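A.B. asks: What follows is a single structure, and I will ask about it in a moment.
The values are calculated or read from the model by the stated rules, or taken from the named source; none is laboratory data. Because the structure is predicted, anything quoted here is derived from the model rather than measured. Cβ placement follows ideal geometry from the backbone for every residue including glycine, while neighbour counts extend to all protein chains displayed.
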Amino acid sequence: MSTNAKTKAKKTAERKARGAEPKNKPRAAKSNGPDALDLLEQDHREVQGYFDEYEDLEDEAEKGELAQKICLALRVHAQLEEEIFYPAARKATKDNDLLDEATVEHAGAKNLIAEIEEMNPGDALYDAKVKVLGDQIRHHVEEEESELFPECEAAKMDLDALGAQMVKRKAELLKQPA
């Protein structure tokens, strides 16, 4: 095993050990609103609900409407993470490998989102692309919540201040035309 592979395996094992704590464990008392991790977890639950709902739909118009909601939610969420959360996490945790992977996962999701937005429900591969996007997002969420978020908590990041900044930026992004 190469030195780089050994280092990566060691870091992965350390992350998993730290991430073995129960998910959604209560964090310290908050100030005026959700902290950054609460906000991101709320976004994760919202979009996972959309993907679950999509699987039960048969009407093409309803699928198209819900797919657009999914795409918007994911674009806004990714932008918040890339502009605000990931730079702060990178600085606090020094875990470049995990954050690099998350950035690459975002790029893949953005490609699928762009393809879905250019299509119409009923087109060949439309449902397949939405399903694959959902699978990729579920994987991404699992890694963030089980590995990255515990690292951020351990690094004592100012999650309240980040949360306030992210709430403000999210409101701005949602006001912009699609």
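A.B. asks: Go through region 91-106 and give me each residue that's exposed (fewer than 12 other Cβ atoms within 10 Å of the Cβ) and in a helix (DSSP H, G or I).
C.D. replies: Selection gives LYS91, ASN96, VAL104.
A.B. asks: Yes or no: region 129-146 includes at least one residue that is farther than 29 Å from ASP97 by Cβ, buried (at least 17 other Cβ atoms within 10 Å of the Cβ) and either touching a Lys or Arg at 6+ places or on another chain (Cβ under 9 Å) or of a type in the set (Ser, Thr, Tyr) (or both).
C.D. replies: yes
Residue-by-condition table, conditions (1) at pLDDT 95 or above; (2) closer than 24 Å to GLU55 by Cα:
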position: ASP95; (1), (2): no, no
position: LEU99; (1), (2): yes, no
position: GLU117; (1), (2): yes, yes
position: ASP123; (1), (2): yes, yes
position: ASP135; (1), (2): yes, yes
position: SER146; (1), (2): yes, no
position: PHE149; (1), (2): yes, no
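A.B. asks: Shifting gears a bit: Looking at (1) in contact (Cβ under 8 Å) with a residue 24 or more places away in the chain; (2) touching a Lys or Arg at 6+ places or on another chain (Cβ under 9 Å), can you tell me which one HIS106 breaks?
C.D. replies: With respect to (1) in contact (Cβ under 8 Å) with a residue 24 or more places away in the chain; (2) touching a Lys or Arg at 6+ places or on another chain (Cβ under 9 Å), HIS106 is out only on (2).
A.B. asks: Continuing with this model, one more query. Of all the helices (runs of 4 or more DSSP H) wholly in region 119-178, which have at least 1 residues that are of a type in the set (Gly, Ala, Ser) and under 16 Å from the mean Cα position of the chain (by Cα)? Quick ask: steps written out before the conclusion?
C.D. replies: Values: elements: 126-143, 149-154, 159-175.
In region 119-178, 126-143, 159-175 are the helices (runs of 4 or more DSSP H) which contain 1 or more residues that are of a type in the set (Gly, Ala, Ser) and under 16 Å from the mean Cα position of the chain (by Cα).
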